[in-house]
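So the structure is just underneath, and the comments pick up after that.
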Amino acid sequence: MAAKITVKNNGSIRVEGEFELYDIEGKLIKKLDIEDVSVYHLNVASFPSGQYKIITSSENQSAVRSFVKE
């Protein structure tokens, strides 16, 4: 079974802009530019166990979320 992270916005807001994934030490793991999607899946199966932070940002808004991969 593949491990994945789903970034989903409810309502009419779309995921668009920069998507950055950092490990607990602040090291940038992945950076993507995403255009006009409501759901984005990121496979984290190959990532080591640990805590991660996702930062999404666009012109008008940004959000920070954390998750733990076991």
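The values are calculated or read from the model by the stated rules, or taken from the named source; none is laboratory data. Since the model is a prediction, treat every value here as computed from it, not as a measurement. Ideal geometry is used to build each Cβ from the backbone, glycine not excepted, and the neighbour counts take in all protein chains shown. In case anyone asks, the SASA skips ligands and DNA or RNA and just uses the protein heavy atoms, side chains included. Shrake-Rupley method; radii C 1.70, N 1.55, O 1.52, S 1.80 Å.
Go through 10, 60, 43 for me and flag whichever is exposed (fewer than 10 other Cβ atoms within 10 Å of the Cβ) and modelled with pLDDT of 75 or more.
60
Go through the range 46-57 and report how many residues are in contact with a Phe, Trp or Tyr (Cβ under 9 Å, 6 or more places away or on another chain) and open to solvent by less than 70 Å² (accessible area, probe 1.4 Å).
Residues meeting the conditions: 5.
Quick one: is residue 65 at pLDDT 80 or above and open to solvent by 80 Å² or more (accessible area, probe 1.4 Å)?
yes
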